[in-house]
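Worksheet: one structure, shown below.
The values are calculated or read from the model by the stated rules, or taken from the named source; none is laboratory data. Note that the structure is a prediction, hence the values are computed from the model and not measured. Here Cβ is always computed from backbone atoms with ideal geometry, including for glycine, and neighbour counts include all displayed protein chains.
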């Protein structure tokens with residue numbers, strides 16, 4: 001009767017098991033893989049923290065300015081109500097129309113100012129995203145790795161291959177800091193206001 005040998009038995013008989021196993025291990029070791037959390041890098045670098053702090057502070061400052069304008073408009077509205085009985089009808093109607101137009105302008109200005117701030121923040125954060133790709137490539141080359149994978153999309157991985165902390169440290173050291181945003185520079189152009197123009201003359 002013919003004897004059927006398994007592949008492992010055949011290799012053992014030929015003395016090849018000691019050759020095959022080291023080769024497979026060597027292949028695995030030669031394929032060096034590193035892992036980085038893209039989300040953590042873009043969240044935890046000093047650049048990202050600086051932008052988050054700037055967003056908080058500038059948003060609060062903008063809200064403070066909006067509140068101050070609201071207070072001015074409320075005072076002006078009360079003054080109009082007081083003058084209602086002292087001004088002639090046409091003059092009062094003109095003052096009311098100018099006030100309503102100013103309210104609309106101030107609302108548009110505040111909304112556009114907030115949009116400009118968010119656009120500037122998005123632009124600065126996009127610079128961080130764009131800077132990450134060449135930095136990761138430099139890390140890959142310097143380490144001799146063949147590939148860097150995103151840990152945010154891995155189901156399981158050995159923590160030993162995670163170099164996120166090192167990438168964050170290198171990002172902080174090598175990537176230029178984000179631009180310092182100025183709220184006044186982001187302010188939209190103010191439309192002509194006849195009431196304000198008259199008051200300044």
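No other residue among 99, 92 is over 44 Å from the mean Cα position of the chain (by Cα) and surrounded by 15 or more Cβ atoms within 10 Å (Cβ to Cβ) apart from 92.
For the stretch 105-113, does any single residue satisfy the condition of being farther than 21 Å from residue 174 by Cα, touching a residue at least 40 places away in the same chain (Cβ under 8 Å), surrounded by fewer than 15 Cβ atoms within 10 Å (Cβ to Cβ) and under 20 Å from the mean Cα position of the chain (by Cα)? Checked the stretch 105-113: at least one residue is farther than 21 Å from residue 174 by Cα, touching a residue at least 40 places away in the same chain (Cβ under 8 Å), surrounded by fewer than 15 Cβ atoms within 10 Å (Cβ to Cβ) and under 20 Å from the mean Cα position of the chain (by Cα). For the stretch 144-156, state whether one or more residues are in a helix (DSSP H, G or I), without any contact (Cβ under 8 Å) to a residue 24 or more places away in the chain and under 23 Å from the mean Cα position of the chain (by Cα). Checking the stretch 144-156: at least one residue is in a helix (DSSP H, G or I), without any contact (Cβ under 8 Å) to a residue 24 or more places away in the chain and under 23 Å from the mean Cα position of the chain (by Cα).
Taking the stretch 157-186 as the range and being surrounded by fewer than 17 Cβ atoms within 10 Å (Cβ to Cβ), closer than 13 Å to residue 47 by Cα and under 18 Å from the mean Cα position of the chain (by Cα) as the test, the residues that pass are 172, 176, 177, 179, 180.
The helices (runs of 4 or more DSSP H) falling completely within the stretch 1-87 that include 3 or more residues that are touching a helix residue (DSSP H, G or I) at 6+ places or on another chain (Cβ under 7 Å), closer than 30 Å to residue 138 by Cα and modelled with pLDDT of 95 or more map to 38-44, 46-83.
Filtering the stretch 114-134 to residues that are surrounded by 14 or more Cβ atoms within 10 Å (Cβ to Cβ) and in contact with a helix residue (DSSP H, G or I) (Cβ under 8 Å, 6 or more places away or on another chain) leaves 114, 117, 121, 124, 125, 128, 131, 132.
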